[in-house]
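Single-structure report; data block below.
The values are calculated or read from the model by the stated rules, or taken from the named source; none is laboratory data. Please read all numbers here as calculations on a predicted model, not as lab measurements. Here the Cβ positions follow ideal geometry from the backbone for every residue, glycine too, while neighbour counts run over all protein chains shown.
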Amino acid sequence: MAVRGEPKAHRLYLMRHADALSTGPDPRDFARALSPKGRRQARDAGVLLGKQRVDLVLSSSASRARQTTELLGLSCPVRYLDRLYNAGSRQLLSELSGVDDQVLTVLLVGHAPGVPALASNLADRQHSNPEAMDRIRYNFPPATVVGLEFYNGWSALAEARLFTALHL
């Protein structure tokens, strides 16, 4: 329980979209859809994330990220953003910095290499869960979900405690 005047913990969940088909209906990578495996992964992630209090989802508008987000089945506002498609870690962090500090928990659904890079860049090596750090160090496959916690608000986000990392 937070004491009056103490900052509230913010939580950021980063998710690489679930497994996608190797090709799409057109030559643009943007339109690739989820595979049957990816659809299962997204539903499984939704069960796990549904137990958290996610206040807002920021999602790439690419087909596979949009489908992942929809299959999560979370009951919170979702913003589909074209600029998250294949965004690097700096662009992702820039998007997060604009989130209102009253929003305590955000899920960002995006792509590699931006999402894995952001998770690695934000994770405080000293205070993070060592098993979670090991899990993402060299491997961040589709449908990986990581959880990070921090106290200084979205615009000041530069480092966070990695408390979980799951490959679904």
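Just checking, how many residues over the range 127-155 are of a type outside the set (D, E, K, R) and surrounded by fewer than 18 Cβ atoms within 10 Å (Cβ to Cβ)? Don't jump to the end; show me each part of the working.
So the first thing to find is which residues in the range 127-155 are of a type outside the set (D, E, K, R), and the list is 127-130, 132-133, 136, 138-148, 150-155.
Subsequent filtering for residues that are surrounded by fewer than 18 Cβ atoms within 10 Å (Cβ to Cβ) retains 127, 129-130, 133, 138-139, 141, 151-153, 155.
Residues that pass the stated criteria total 11.
Which pairs turn up if I take residues in the range 84-98 that are more than 19 Å from A123 (Cβ to Cβ) and look for partners that are buried (at least 18 other Cβ atoms within 10 Å of the Cβ) and of a type in the set (G, A, S) with beta carbon separation below 6 Å, at least 6 apart in sequence or on another chain?
L84/S60; L84/G110; Y85/S60; Y85/A62
If you check A119 against the conditions, is it under 20 Å from L84 (Cα atoms), touching a helix residue (DSSP H, G or I) at 6+ places or on another chain (Cβ under 9 Å), of a type in the set (A, V, I, L, M, F, W, C) and modelled with pLDDT of 95 or more? Don't jump to the end; show me each part of the working.
Details: under 20 Å from L84 (Cα atoms): yes; touching a helix residue (DSSP H, G or I) at 6+ places or on another chain (Cβ under 9 Å): yes; of a type in the set (A, V, I, L, M, F, W, C): yes; modelled with pLDDT of 95 or more: yes.
Answer is yes for this residue.
Do you know which residues across the range 11-26 are at pLDDT below 85 and surrounded by fewer than 16 Cβ atoms within 10 Å (Cβ to Cβ)?
Hits for the range 11-26 are T23, P25, D26.
If I filter the range 49-60 for residues that are touching a helix residue (DSSP H, G or I) at 6+ places or on another chain (Cβ under 9 Å), modelled with pLDDT of 95 or more and in a helix (DSSP H, G or I), do I get at least one hit?
Yes: one or more hits.
Let's see how each residue does on (1) touching a helix residue (DSSP H, G or I) at 6+ places or on another chain (Cβ under 6 Å); (2) at positive phi; (3) at pLDDT below 95; (4) of a type outside the set (D, E):
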{"residue": "E70", "(1), (2), (3), (4)": "no, no, no, no"}
{"residue": "G73", "(1), (2), (3), (4)": "yes, yes, no, yes"}
{"residue": "C76", "(1), (2), (3), (4)": "no, no, no, yes"}
{"residue": "R83", "(1), (2), (3), (4)": "no, no, no, yes"}
{"residue": "S89", "(1), (2), (3), (4)": "yes, no, no, yes"}
{"residue": "L92", "(1), (2), (3), (4)": "yes, no, no, yes"}
{"residue": "E95", "(1), (2), (3), (4)": "no, no, no, no"}
{"residue": "V99", "(1), (2), (3), (4)": "yes, no, no, yes"}
{"residue": "V106", "(1), (2), (3), (4)": "no, no, no, yes"}
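Just to be sure, is A87 of a type outside the set (S, T, Y) and part of a helix (DSSP H, G or I)?
Details: of a type outside the set (S, T, Y): yes; part of a helix (DSSP H, G or I): no.
For A87, the condition - of a type outside the set (S, T, Y) and part of a helix (DSSP H, G or I) - is not met.
Need pairs with beta-carbon distance below 6 Å; first residue of a type outside the set (G, A, S) and within the range 45-73, second at pLDDT below 95; sequence gap 6+ or separate chains.
R64/R32
In the set L104, L122, which member is surrounded by fewer than 19 Cβ atoms within 10 Å (Cβ to Cβ) and aliphatic (A, V, I, L, M)?
Answer to the check: L104.
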